[in-house]
Amino acid sequence: MATWKKMVAESSAGNVAQNAATATAVAGGADNKVLYQTGSGVTAFLAAGSANQVLKNTGSAPAWSNFLTVSDSEGTPNTTAINPAGTITFAGVSAETTVIESSGTITIGLPDNVTVTGDLTVTGNDIKSSGGTTAVSLSSADVAIAGDLTVTGNDIKSSGGTTAISMSGADVTIAGGLTVSGTTTTIESTTIAVADKLIKLADVASPTETTANGAGLQVESSATEAEWPELKWDKDGALSGWTLSDHTATSAPDYNVQMVEHAAGAPASGDNTSGVGSLYYDTTNNEMYVRTV
């Protein structure tokens, strides 16, 4: 029986017209080799790789790679080679980050409650709400909160986990000491109760008579500050010691608060150091003395 082959016809443009065909073998190929192009009209083969290897682009010819490389950017970066047949796990940190996988998509974000174990630096100076409104503004050491600050857990804790501030309704309890470094502290309470028996005034790092001068209490009794009654410690004026001003006129003077020392016998030069104008009572002779110098 005769066998016939179809001849290829050349078109008027000089092209060879033929039907598409499938190549079933390429010269120089072998089982599991990878065919790739090395140049115009030039092909080459890459030998078969080992089990679990992946094909890697080296910038020129392809090559087989045994591992994938995963790196982070925290401080000094860590780089780890991972077998592609293994599993890469993205682990969240409790109260810091969450990791959610759904249909091949990995989402890394923040949980509803966030704990910051180190310093939190805001380079933009503003912390904004989800709607873009500025909630907290930072300027040097000052913090301005535009709206309400809500703590759902009722406690604010230190880095060591100790509760520093507790809230219950409108009441706030501070477990430790409270230091206020501002110029003015305003308290608008109706009643102030102090458990301490002694209240310190003019408490500075290096106290002297100069730093203590003028310390005391002032009562705002009118719109004119010069008319306000005062009880204060005076070491600069004509009177020394505690002075009292209980006046309603701007020209009213300060009066010395009389300090009375009593003992048997007349006073000596070292007695009664409370200041000029203070008194001394001789209980033996029933005589009263006033300090003049």
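The values are calculated or read from the model by the stated rules, or taken from the named source; none is laboratory data. Since the structure is predicted, the reported quantities are computational estimates derived from the model, not experimental observations. Because the Cβ atoms are built from the backbone with ideal geometry, glycine has one as well, and the counts that use them run over all protein chains shown.
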Checklist entry - Among the listed residues Thr89, Thr97, Thr123, Thr115, which satisfies the condition of being in contact with a strand residue (DSSP E or B) (Cβ under 8 Å, 6 or more places away or on another chain) and free of Cβ contacts under 8 Å to residues at least 24 places away in the same chain? => result Thr97
Checklist outcome for this item: Restricting the stretch 141-174 to residues that are aliphatic (A, V, I, L, M) and within 23 Å of Gly118 (Cβ to Cβ), the one surrounded by the fewest Cβ atoms within 10 Å (Cβ to Cβ) turns out to be Ala141
Item to check | One residue from His262, His247 being in a strand (DSSP E or B), modelled with pLDDT under 90 and not aliphatic (A, V, I, L, M) | outcome: His262
Item to check | All positions within the stretch 273-293 that are surrounded by 14 or more Cβ atoms within 10 Å (Cβ to Cβ) and over 30 Å from Trp228 (Cα atoms) | outcome: Tyr280, Tyr281, Asp282, Tyr289
